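Only one structure is covered here, and it is reproduced in the block below.
The values are calculated or read from the model by the stated rules, or taken from the named source; none is laboratory data. Quick caveat: nothing in here was measured; it's all calculated off a predicted structure. Here Cβ is always computed from backbone atoms with ideal geometry, including for glycine, and neighbour counts include all displayed protein chains.
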Amino acid sequence: DGESEGDAGLATKTKTRTQRPPMYKVLLLNDDYTPMEFVVHILERFFGMTHAQAFEIMLTVHKKGLAVVGVYSFEVAETKVGQVMDFARRHQHPLQCTMEKE
Ligand code: NFA
């Protein structure tokens with residue numbers, strides 16, 4: 001027992017660490033053209049933020065160039081990115097949203 005030759009017959013346990021699924025950061029990128037209120041609307045609509053939270057994060061993106069707007073499983077992150085990109089394109093704004101593994 002115990003995946004070891006040097007145990008002289010004594011039981012040993014090899015700890016196997018549980019694998020948590022990877023999480024993905026969803027990032028919003030600044031640009032010079034997308035209206036501030038449009039970005040605030042996106043953060044409320046797709047990321048469940050209050051108006052005050054959304055305004056604060058929008059200003060962070062505006063000043064710093066980008067911000068993490070949420071952390072999700074791959075599937076949820078992919079859906080959020082798709083929703084933002086589609087909504088921005090339909091309104092003819094150049095807003096960019098991407099995801100990266102944490
Ligand atoms: N920089 C944009 C502007 O001045 C606002 C903006 C914020 C765009 C966050 C994209 C993301 N109108």
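Of the residues in segment 49-66, at least one is more than 9 Å from the ligand (Cβ to nearest atom) and either among the hydroxyl-bearing types (Ser, Thr, Tyr) or touching a Pro at 6+ places or on another chain (Cβ under 9 Å) (or both).
This table checks each residue for (1) over 21 Å from Asp32 (Cβ atoms); (2) among the hydroxyl-bearing types (Ser, Thr, Tyr).
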{"site": "His62", "(1), (2)": "no, no"}
{"site": "Thr79", "(1), (2)": "yes, yes"}
{"site": "Gln83", "(1), (2)": "yes, no"}
{"site": "Asp86", "(1), (2)": "yes, no"}
{"site": "His91", "(1), (2)": "no, no"}
{"site": "Leu95", "(1), (2)": "no, no"}
{"site": "Met99", "(1), (2)": "yes, no"}
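Could you tell me which residue of segment 67-98 is farthest from the chain's Cα centre (by Cα), considering only residues that are within 16 Å of the ligand (Cβ to nearest atom) and aliphatic (A, V, I, L, M)? It comes out as Ala88. Which residue pairs have Cβ atoms under 6 Å apart, sit 6 or more places apart or on different chains, and have a first residue in segment 46-63 that is farther than 11 Å from Leu29 by Cα and a second that is assigned to a helix (DSSP H, G or I) and of a type in the set (D, E, K, R)? Once the first residue is farther than 11 Å from Leu29 by Cα and sits in segment 46-63, its partners that are assigned to a helix (DSSP H, G or I) and of a type in the set (D, E, K, R) give Phe46/Lys80; Ala54/Glu44. A single entry from Val68, Val26, Val84 fulfils the requirement of being modelled with pLDDT of 95 or more and in a helix (DSSP H, G or I): Val84.
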